[in-house]
Amino acid sequence: MMQYFEYQDENVSCFLEITLEDRIVRTRSGQKGTQGIATEKVYQDAGTAAKEFDRLTKEKKEDDAYYFRLGDEYSL
């Protein structure tokens, strides 16, 4: 599952991508038009990874600076 967020102001536009695959949570962020910086964390079980994924996506959905792009929640 993946969630995609964008941030844009007068000078810069950025993205944040959060991906959940089994026990792995990956994030990738940076300026639009670049590959960005990726991180990956492997958890002991899928339930813990899902909780972290939910926490990260909830945090960004509540942040008014970022906006969630419609239709960007999908499974890989």
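Derivation of every value follows stated rules applied to the coordinates shown; laboratory data play no part. Note that this is a predicted model, so its numbers are computed, not measured. Cβ: placed from backbone, ideal geometry, glycine included. Neighbour counts: every protein chain shown.
The table below lists the values:
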| item | result |
| --- | --- |
| Relative contact order (%) - criterion: Cα under 8 Å, at least six apart; region: the chain | 36 |
| Candidate values (i) 12.1, 37; (ii) 12.6, 42; (iii) 15.4, 47, label of the one derived for Rg and Dmax of the Cα atoms in Å | (ii) |
| Value of [θ]222 nm, deg cm²/dmol, for the chain, DSSP H segments ≥ 4, -39500 (n - 2.57) each, nearest 500 | -7500 deg cm²/dmol |
| For I18, I37, I24, order by how many other beta-carbon atoms lie within 10 Å, fewest first | I37, I24, I18 |
